[in-house]
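Peer 1: Quick one: the structure is below, questions incoming.
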Amino acid sequence: MATQYYTASSLDGFIATEDHSLEWLLQLGDIEETGYADFIRQVGAIAMGSSTYEWLLRHAVKPGTDEEGEWPYTQPAWVFSSRKLPRVPGADIRFVSGDVRPVHAEMEAQKIAENIWLMGGGDLVGQFYDAGLLDELIITIGSVTLGAGKPLLPREIAFPPLQLTAVKQIGAGFAELRYDVPR
């Protein structure tokens, strides 16, 4: 069981543009060619921030539109937010705020030997890192630069450094890097 940050980043370290766009990423390849399918099968719980949740509402669920869909995950999701956000009917979503430690303990208690996915939101991932709860980073680097945007992980992690455990080329547009987080 591990707490993992699985995301994509531009070469210059941004996971989204300033206005939360992922168009840069969607042009680079098919998600089925990445390690996502294997990764998601091992996820028992998901944590995300409010910006990621709202992005999923706009781009996947699309409530109140002709293209309305279902919540894309079967795993329970914890959404960290200080604001009241709309719910998705039938989805196991828990809205939380504050310290990540008690929420992480609750997530561990709710699942059976499966991983926790920290989805999107470098600052939220940083809070898990600060609390000593981040085990692994799986970063798919896209072959673009954005110049500015939402940072991959706005923390200094230098002493000790992350430990590179795997590198994989995915087509002409991606490189997947896996790092263990030393304690």
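No value in this document is a laboratory result; all are computed from the given coordinates. What you see is a predicted model, and the numbers here were worked out from it, not measured in a lab. Here Cβ is always computed from backbone atoms with ideal geometry, including for glycine, and neighbour counts include all displayed protein chains.
Peer 1: Go ahead and run the numbers for FRET between Glu108 and Leu22, Cβ-Cβ distance against an R0 of 30 Å, rounding to 0.05.
Peer 2: 0.55
Peer 1: Output the peptides 49-60, 75-86 sorted from most to least packed, where packing is the average of other Cβ atoms within 10 Å over each peptide's residues.
Peer 2: For the peptides 49-60, 75-86, the packing ranking is 49-60, 75-86.
Peer 1: Hey, quick one: spin label on Asp12, modelled 7 Å out along Cα-Cβ, who in the range 141-172 has an amide N within reach, i.e. under 16 Å?
Peer 2: 142-153
Peer 1: Output the direction-averaged projected area (hull surface divided by four) of the convex hull of the alpha-carbon atoms of the chain, in nm².
Peer 2: Directional mean of the projected Cα hull area for the chain stands at 10.7 nm².
Peer 1: Antiparallel as a % of all DSSP beta bridges within the chain, to the nearest 5?
Peer 2: Just about 40 percent of them are antiparallel.
Peer 1: Also, quick follow-up: Give a residue-ordered list of calculated ³J(HN,Hα) values for the range 119-133 (Karplus: 6.51 cos²θ - 1.76 cosθ + 1.60, θ = phi - 60°; whole Hz; x for Gly, Pro).
Peer 2: After applying 6.51 cos²θ - 1.76 cosθ + 1.60, I find 9, x, x, x, 5, 4, 4, x, 5, 5, 4, 4, 7, x, 10 Hz.
Peer 1: Fewest Cβ neighbours within 10 Å first, please rank Val167, Val88, Val96 accordingly.
Peer 2: Least crowded to most crowded, the residues run Val167, Val96, Val88.
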